[in-house]
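Scroll down for the structure; my scribbles are underneath it.
Just so you know, all these numbers are worked out from the coordinates, no wet-lab data involved. Not measured: the values here are computed from a predicted model. Here the Cβ is made from the backbone with ideal geometry for all residues, glycine too, and neighbour counts use every protein chain on show.
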Amino acid sequence: MSMLLSSEAQMVRDTALDFFRERSPITALRKLRDDNDPVGFSRPLWREMAELGWTGFLVSEDYGGSAFGIGGLAQVMEAAGRTLAATPLLSTALLGASLLSLAGSEDQKADILPALVAGEHLVALALEEGSRHAPTQIGLLAERDGSGYRLNGRKTFVLDGHVADTLIVAAKTAGGITLFLVPADAVGLTRTRLTMVDSRNAANLTLQHVQVGADAVLGPLDGGGAILDSVLDRARAGLAAEMLGSAHEAFERTVQYLKDRKQFGVAIGSFQALKHRAAQMFCEVEISRSAILAAVSALDTKGNDAAALASLAKAKANETLFLCGNEGVQMHGGIGMTDEHEIGFFMKRARVAQATFGDTIFCRDRYAQLMGY
Amino acid sequence: MNDPGVRPRPIRLISGASVFCETFIENVRVPAGNLVGQLNKGWTIAKRLLEHERKGIGGIGARQSAKFERPIEAVAKHYAGTVDGRIADPVLRDHVAAFSMDSHAFQLTRRRAAEEAEAGTPPGPLSAMFKYQATELNKRRYEMLLEVEGFQGLGWEGDGFTEDELRLTREWLRSKANTIEGGTSEVQLNIIAKRVLNLPD
C-alpha cells in the first residue's frame, strides 16, 4: 500500500481540478438550485466527464472502461468536491459501476455497463428505508411470483433516484437480502424527488407490486448483503474524497478571508484566537487526506484492512468537513450568513454528505467491530 | 556536586517524581580545565541540546504502537467486560473507537510524510503538525485509559492496585508536560499559522 499518487493519478487530479473549476464552479450549483432544474445536474457536463474516461474507472475494458481503480476516481471526486459540483459520480460511476461489475451476470453487464461508461445510462442504489444509514435493515419485500419476483415497499434518500435509468433495489428475500435491477419505467414504481438542503439529488421510491423477471436478480439470491458491504466501503471512501475536496476548499477560502478582512485596522488573521483555529483546520484536513489515501489504496489492492480504513476515512471526512464548514461560516462573520456568499454552501453540503452511507457514529461502530472490539 | 557551595533543591512534580532540581551555586571555584567548550559559547551548546529534547518529544506518538504497551481496546475489554466480543459499555466503546481512529489516522499521516520523504519530496508542511498532534494524542490516550480503568486507574501508592495501575496514574500526570515542554501546543499552532498558512503577525 502506497499513499503517494502515481503519475497517472496525478494527471487525473490535475485535469479534474481544472475541469471543475472551469466547467462547474459553485455558480453552476446555485443555478441548478435557483432554476429548480428538473434533472439536478448538467447532462452535457456528465457526457464530457464520460469522454474524459471518469465513468469507466471502475469498469473493465471488456465493457468500455479502463479499470483504473477507486484511487483514480477518488481524485476526480475530490476535485468535484472542491467546487461542490453536482454530478452522478457517486450514484453511477462509483456505486452503479461497482455493483454491476462485482455482481452482474454477463448479460446484465453487457446491457448496462457500456451505456453507463458512455454517460448515457444512470444507475441509482435504492437502499435506505429510514432516516439514518442502516444497510442491514431492509423491509422492502421481494416475493416469488411465477418465474420472477414481486416487489413491495418503500425506499428513501435514493441518490439521483428521480433521474436514474436503472434502480438497484435492495430487497428482503426468504433467506437474506437480494439486489434487483428495476428499470425506471417499471409498472408500480413511483419516484418522488426530495429537495435537500445541499441542493443535490435524492428521491423517495414506492414500489407497489412491481414485477421483475428472474434475470433481474443482481448477484446471488439472498447474497446481497455481502455485495453491499464491499460496495458501500468503496462509496464511503469515494464520498470521503469528495468531502475532503469540499473541506479543503472551505478551509482555503476561510484562510484567505482571514488575510483580506480588516477590523480595527488590521487583518483578522493576525488575531491568535483565529490563527489557532485555522491551524487546527489545517491539521484535520491533512490527517483526513492520509486516511483517504490509505483507504483507496487498500481498496484497490484488496488489502485486509480496506473495510476498516474506509470507515476511518469516512469518519475523518465527516468530522473535518463539519469543522471546516462551520468554522468557515463563523470566521466569515455576517457575510457568511448570506445566501449571496458561497461559504454557506459548504456547510449545507457537509450535513447531507455526513449522513450519507454512514455518519460518524456508524463509522466508529463499524470500525470497532472490524477491529474486534 | 559535593562542593559546599552547590545546593541542589529537588522539585517535586505533580506525578511525585523529582527529575528537576533548583540548584544554587554560590562562590564555587572550578579549575580552568573544567570549562566545557569555549568561554561565552555555552548557549550554542545548550540550544543544540534543546533540539534533542524537542525531537524526542515529537516521537511520542510513534510510541503508542510499541509492543510493550497493551492496546487501549484490550484494556477497555478487561475493565469494562465484553458482550459478544464487544466492549460491554457502548458509550465507552464509542469513545475508545474515536480515540483509536484519530490515533490511526495520525499514524497514517506520519507514514505519508515518510513515504514523501523517501520519494525525495522536500519536507512539506506536514512535519509542522507532528509535535502538536503527537503530544495532544498522547495526553488523550492517558485520559482515555483513566476513563477506562475508573477508580482502579486513580491509585497513588500501596495496596489495592496493580503495578500497571499505579504506573498509569504517574504516567498520566507526566503526560501533561508533553504539550508544554519543547514548545507548547499554543506555540506549535502559532508556527503552523505563520509558516504554513502565512497568516500575518
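Answer yes or no as to whether A:Asp305 is within 14 Å of another protein chain (Cβ to nearest Cβ) and acidic (Asp, Glu). Talk me through it step by step, then tell me what you get.
Details: within 14 Å of another protein chain (Cβ to nearest Cβ): yes; acidic (Asp, Glu): yes.
For A:Asp305, the condition - within 14 Å of another protein chain (Cβ to nearest Cβ) and acidic (Asp, Glu) - is met.
Within the bounds of segment B:89-99, is there any residue that is outside any helix (DSSP H, G or I) and of a type outside the set (S, T, N, Q)?
Within segment B:89-99, one or more residues are outside any helix (DSSP H, G or I) and of a type outside the set (S, T, N, Q).
I'm trying to understand the selection: among the residues of segment A:331-365, which are assigned to a loop (DSSP other than H, G, I, E, B), closer than 20 Å to A:Met281 by Cα and away from every other protein chain (no Cβ under 14 Å)?
A:Glu342 - this is the single residue of segment A:331-365 that is assigned to a loop (DSSP other than H, G, I, E, B), closer than 20 Å to A:Met281 by Cα and away from every other protein chain (no Cβ under 14 Å).
Only one of these is of a type in the set (A, V, I, L, M, F, W, C), more than 7 Å from every other protein chain (Cβ to nearest Cβ) and surrounded by 19 or more Cβ atoms within 10 Å (Cβ to Cβ): B:Ala117, B:Ala134, B:Ala98. Name it. Show your work before the answer.
Values: B:Ala117 fails: surrounded by 19 or more Cβ atoms within 10 Å (Cβ to Cβ); B:Ala98 fails: more than 7 Å from every other protein chain (Cβ to nearest Cβ).
Matching residue, one of B:Ala117, B:Ala134, B:Ala98: B:Ala134.
Pick from A:Asp145, A:Asp198, A:Asp165: which is acidic (Asp, Glu) and under 27 Å from A:Leu113 (Cβ atoms)? Steps first, answer last, please.
On the way: A:Asp145 fails: under 27 Å from A:Leu113 (Cβ atoms); A:Asp198 fails: under 27 Å from A:Leu113 (Cβ atoms).
So the residue among A:Asp145, A:Asp198, A:Asp165 that is acidic (Asp, Glu) and under 27 Å from A:Leu113 (Cβ atoms) is A:Asp165.
Of everything in segment A:99-132, what is buried (at least 24 other Cβ atoms within 10 Å of the Cβ), in contact with a Lys or Arg (Cβ under 8 Å, 6 or more places away or on another chain) and part of a helix (DSSP H, G or I)? Give them in sequence order.
Answer for segment A:99-132, where residues must be buried (at least 24 other Cβ atoms within 10 Å of the Cβ), in contact with a Lys or Arg (Cβ under 8 Å, 6 or more places away or on another chain) and part of a helix (DSSP H, G or I): just A:Leu100.
If a residue must be in contact (Cβ under 8 Å) with a residue 60 or more places away in the chain and either touching a Leu at 6+ places or on another chain (Cβ under 9 Å) or basic (Lys, Arg) (or both), how many such residues does segment B:1-54 contain?
Here the count works out to 6.
Could you identify the single residue in A:Leu232, A:Leu258, A:Leu299, A:Leu228 that is assigned to a helix (DSSP H, G or I) and closer than 24 Å to A:Leu323 by Cβ?
A:Leu258
Taking the options A:Val296, A:Val285, A:Val231, name whichever one is among the β-branched types (Val, Ile, Thr), closer than 25 Å to A:Leu73 by Cβ and touching a Phe, Trp or Tyr at 6+ places or on another chain (Cβ under 7 Å).
A:Val285
Just wondering, is there one or more residues in segment A:226-234 that are in contact with a strand residue (DSSP E or B) (Cβ under 7 Å, 6 or more places away or on another chain) and away from every other protein chain (no Cβ under 14 Å)?
So far as segment A:226-234 goes, yes, one or more of its residues are in contact with a strand residue (DSSP E or B) (Cβ under 7 Å, 6 or more places away or on another chain) and away from every other protein chain (no Cβ under 14 Å).
In segment A:90-107, is there at least one residue being without any contact (Cβ under 8 Å) to a residue 12 or more places away in the chain and more than 27 Å from A:Ile343 (Cα to Cα)?
Step one: of segment A:90-107, the residues without any contact (Cβ under 8 Å) to a residue 12 or more places away in the chain are A:106.
With more than 27 Å from A:Ile343 (Cα to Cα) added as a condition, the list becomes A:106.
Yes, the conditions are met somewhere in segment A:90-107.
Only one of these conditions is not met by B:Ala193: (1) without any contact (Cβ under 8 Å) to a residue 24 or more places away in the chain; (2) over 30 Å from A:Met281 (Cβ atoms); (3) hydrophobic (A, V, I, L, M, F, W, C). Which number is it?
(2)
Output the residues belonging to segment B:163-201 that are of a type in the set (Val, Ile, Thr) and under 23 Å from the mean Cα position of the chain (by Cα). Outline the logic, then answer.
Quick first cut of segment B:163-201, residues of a type in the set (Val, Ile, Thr) only: B:169, B:179-180, B:184, B:187, B:191-192, B:196.
Across segment B:163-201, the qualifying residues are B:Thr169, B:Thr179, B:Ile180, B:Thr184, B:Val187, B:Ile191, B:Ile192.
Can you name the residue in segment B:142-176 that is of a type in the set (A, V, I, L, M, F, W, C) and free of Cβ contacts under 8 Å to residues at least 12 places away in the same chain and is also nearest to the other protein chains (Cβ to nearest Cβ) among such residues? Can you show your working first?
From segment B:142-176, those of a type in the set (A, V, I, L, M, F, W, C) are B:144-146, B:148, B:151, B:154, B:156, B:161, B:166, B:168, B:172-173; that's our starting set.
Going one step further and asking which of them are free of Cβ contacts under 8 Å to residues at least 12 places away in the same chain, we end up with B:151, B:161, B:166.
On the way: B:Phe151: 22, B:Phe161: 24, B:Leu166: 25 Å.
Step by step, filter segment B:142-176, then rank; the result is B:Phe151.
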